[in-house]
1. Could you please report the charge total around residue 201, scoring K, R as +1 and D, E as -1 over all other residues with beta-carbon less than 13 angstrom from its beta-carbon?
2. Does the stretch 97-175 come out rounded, prolate or oblate by the C-alpha gyration tensor, with a ≥ b ≥ c the root eigenvalues, rounded set by a/c under 1.5 and, if not, prolate when a/b is larger than b/c and oblate if not?
3. If contacts are Cα pairs under 8 angstrom and at least 6 residues apart, what is the relative contact order of the chain in percent?
4. Could you put 81, 89 in order of accessible surface area, largest first, with the 1.4 Å probe and the full protein assembly present?
5. Helix 247-260 sits at what angle to the longest principal axis of the chain, using alpha carbons and giving 0 to 90 degrees rounded to 10?
6. Could you give the longest part of the chain that holds none of the GluC sites (Glu not before Pro) found in DSSP loops with at most 14 neighbouring Cβ atoms within 10 Å?
7. Using unit Cβ charges (K, R positive; D, E negative) and no other charged atoms, how large, in debye to the nearest 20, is the dipole of the stretch 28-124 about its Cα centre?
8. Residue 175: accessible area at probe 1.4 Å, nearest 10 Å²?
Amino acid sequence: MKKMLLLFLLLNFTAQAQEKIKWPGQKKAVIVLTYDDALESQLNVAIPQLKAAHFTATFFLTGDINRLTIPRWRALSKEGFELGNHTIFHPCLSKDDNPVPSDRYTPYSMIREIEVMNHLLYAVDGKEPRTYAYPCAETLAGGKDYVDTLRKYDMAKYARIGGDASDGVITDFKHLDPLRVPSFGLEDNTSADQLIAFVKNVQQKGGMGIIMFHGIGGDYITTSAKAHQELLTYLVKNRNDIWVTTFQQAMDYAMKASKAGGSAISR
């Protein structure tokens, strides 16, 4: 009797582990392209490439947006691109390219900054709710984790953290914390082969993969324009199998489908 019960539990666990989201349009996987820090190279290089491929993406903006770039970001929002919150001053523990150290913050002061940036972004695109990306993929403010404070004050619907190619593929949406959504964080000069290999892994597992870009053909933590274009070319060729969408749209669908059961989930 005990062996029968153990076998039943094992089979049930295996079935649950094999559950996969049924993505829209019979797609097999979803890729979310995200870009941090409101960089000029994103506007000048990434956007034209994305538009040519007919893809939308998510741009996590900081207070570095200005009178010259705000009209461009506003126009992109109207075209279906998502503008996410990346704080005003991009506070981090690292002092490299981050003039405001996060160790001087408290969880509440970080939340306050996120709130003000939400107001600024609303003035740009008139949209809410807002998604968020932790600066430098760090969840600490003054040495304290502020994720639950972010949750308490309802400042972000979803939030993206960092990760690498090995843990950046999301398949377990039932246990996914919407404020700790992992992504594939890139190093300088990540190659097209590495980017495409990550996408292929997402395809094989039938899940979601979020890529964290910074500079495209310029700026810093740079992915070359050529590598970025080769990735987009692969995604175009596999358009029938891969849903390329924004962070909020992908998460909205995944969270709803993971709770719905029935026709929303395939086994």
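The values are calculated or read from the model by the stated rules, or taken from the named source; none is laboratory data. Just so it is clear, the structure is predicted and the values come from calculations on it, not from any experiment. Don't worry about glycine lacking a Cβ; one is built from the backbone with ideal geometry, like all the others, and counts go over all protein chains shown. Accessible surface areas use protein heavy atoms only, side chains included; no ligands, DNA or RNA. Shrake-Rupley method; radii C 1.70, N 1.55, O 1.52, S 1.80 Å.
1. For residues surrounding residue 201, the net value is 0.
2. Here the stretch 97-175 falls in the oblate category.
3. 28 percent
4. Reading off the accessible areas and sorting them downward yields 89, 81.
5. 20 degrees
6. Longest gap between qualifying sites, sites excluded: 80-186.
7. 340 debye
8. 150 Å²
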